[in-house]
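Okay, so here's the structure we're looking at.
The values are calculated or read from the model by the stated rules, or taken from the named source; none is laboratory data. In this text the structure is predicted, and so the values were computed from the model without any measurement. FYI the Cβ positions are ideal-geometry reconstructions off the backbone, even for glycines, and counts take in every protein chain you see. Only protein heavy atoms, including side chains, enter the accessible area calculation; ligands, DNA and RNA are left aside. Shrake-Rupley method; radii C 1.70, N 1.55, O 1.52, S 1.80 Å.
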Amino acid sequence: MLIHRLPVGRQAGEYVAHAPAKLNLFFEVLARRSDGYHEIETLMCPIDLYDTLYFQEVSSGQLELRCERGFGSLASVGIEPTDLEPTDLPEGRENLVYRAVELLRQRAGVSSGARLRLVKRIPTAAGLGGGSSDAAAALVLANLGWNLQWSVDRLAQLAAELGSDVPFFLVNGPAICRGRGERIEPISHLGMLHFVVVRPPAGLSTPAVYGVCQPAEHPHSLAPLQSAVKAGNLEGVGRSLWNRLQPAASSLSPWIEYLQREFDREDVLGHRMSGSGTSYFGLCRHAIHARRVARRLGANGVGSVFAVRNCR
Ligand code: C5P
């Protein structure tokens with residue numbers, strides 16, 4: 001049975017969820033499948049870089065989504081973000097939040113509608129899972145807001161229809177994900193990890209990266225990372241970071257090798273691209289170390305830089 005750990009609150013008649021980004025500490029591509037997807041094995045953890053989603057039930061039966069850009073990485077339930085700007089994010093069916101709520105509404109036979117507001121902080125086209133996380137948050141909030149009382153397992157089936165990463169965000173804890181990403185095995189022993197994440201000025205499309213990736217002839221084993229994680233061995237975790245999509249992304253964007261060189265100059269424990277890129281992250285010793293590395297990289301003008309930790 002899956003359990004969701006998404007931070008959700010209620011304020012002034014609306015439900016609020018903080019939808020985290022993720023990092024892939026390990027990403028192996030095992031095979032190309034006949035349905036156009038790839039068989040993967042990945043270890044992902046949510047990090048404390050959040051979008052915020054608000055849900056209010058309306059009786060009109062209409063669905064309405066408004067998106068705004070927020071700044072920084074952190075937001076707490078109950079704190080209203082102030083410095084917001086308009087964005088050019090889609091607010092209709094092209095937005096996965098809209099599609100998630102519409103799908104649940106249809107499957108559950110709901111007649112009411114909803115007013116949704118998304119404050120976007122997680123960079124897009126970045127391999128940080130922002131869109132998938134927003135969709136998972138939308139399912140959780142709509143389930144609450146319309147009082148449907150669907151189990152997480154039942155929501156997870158809808159989540160998998162919306163995108164391969166959406167079930168992971170529904171569970172919202174560190175996990176090993178297999179299949180096309182939708183088969184979740186939560187892990188309980190990931191300690192506190194501190195990272196610096198850089199999203200360079202240009203992003204990449206996930207299908208484009210998968211399109212040029214070569215599945216592994218000799219797949220990397222997840223075992224060394226799992227042992228290091230279990231033993232709380234930070235150096236071992238740093239040495240075991242892996243991403244099979246990195247060469248594919250490097251062939252499409254010069255930013256990946258540029259960031260690899262930038263991180264080589266830093267005293268981080270290890271560094272890799274996250275997901276299908278273009279975000280790149282380094283593992284740090286502690287929070288002060290992460291802030292120091294983030295300051296140096298930020299001063300070099302490499303894009304948006306975040307000092308984050310995994311959500312626990
Ligand atoms: O599942 P999602 O909609 O996020 O996937 C976006 C695209 O990424 C897919 O259409 C596919 O091209 C690629 N993909 C893949 N193998 C996966 C996950 C995604 O090839 N395991």
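What the table below lists for this structure:
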| quantity | calculated |
| --- | --- |
| Residue satisfying all of: in the stretch 117-129; open to solvent by 10 Å² or more (accessible area, probe 1.4 Å) and either under 15 Å from Asp48 (Cα atoms) or in contact with a strand residue (DSSP E or B) (Cβ under 8 Å, 6 or more places away or on another chain) (or both); nearest to the ligand (Cβ to nearest atom) among these | Gly129 |
| Subset of the stretch 211-242 that is under 22 Å from Gly129 (Cβ atoms) and in contact with a Ser or Thr (Cβ under 7 Å, 6 or more places away or on another chain) - its residue that is surrounded by the most Cβ atoms within 10 Å (Cβ to Cβ) | Leu225 |
| Verdict on Ala249 being part of a helix (DSSP H, G or I), within 16 Å of the ligand (Cβ to nearest atom), in contact (Cβ under 8 Å) with a residue 12 or more places away in the chain and open to solvent by less than 50 Å² (accessible area, probe 1.4 Å) | yes |
| So Ser240, is it touching a strand residue (DSSP E or B) at 6+ places or on another chain (Cβ under 9 Å), in contact (Cβ under 8 Å) with a residue 40 or more places away in the chain and hydroxyl-bearing (Ser, Thr, Tyr) | yes |
| Total residues in the stretch 255-310, condition open to solvent by 20 Å² or more (accessible area, probe 1.4 Å) and either under 28 Å from Cys213 (Cβ atoms) or of a type in the set (D, E, K, R) (or both) | 23 |
| Contacts under 6 angstrom Cβ, first residue in the stretch 172-195 being free of Cβ contacts under 8 Å to residues at least 60 places away in the same chain and at negative phi, partner within 16 Å of the ligand (Cβ to nearest atom) and part of a loop (DSSP other than H, G, I, E, B), 6 or more apart | Glu182/Ser164 |
| Residue match in the stretch 108-119 (condition: out of contact with any Phe, Trp or Tyr (no Cβ under 9 Å at 6 or more places or on another chain), modelled with pLDDT of 95 or more and basic (Lys, Arg)) | no |
| When residues of the stretch 205-224 are limited to those that are of a type in the set (S, T, N, Q) and part of a loop (DSSP other than H, G, I, E, B), the one farthest from the ligand (Cβ to nearest atom) | Ser221 |
| Sole residue being part of a strand (DSSP E or B) and either more than 16 Å from the ligand (Cβ to nearest atom) or under 23 Å from Asn172 (Cα atoms) (or both), chosen from Arg66, Arg105 | Arg66 |
| Counted residues, the stretch 172-186 - those being more than 23 Å from Phe306 (Cβ to Cβ) and away from the ligand (no atom under 16 Å from the Cβ) | 1 |
| Only one of Glu185, Glu94, Glu161 that is of a type in the set (Asp, Glu) and assigned to a loop (DSSP other than H, G, I, E, B) | Glu94 |
| Residue within the stretch 140-154 that is within 16 Å of the ligand (Cβ to nearest atom) and not acidic (Asp, Glu) present | no |
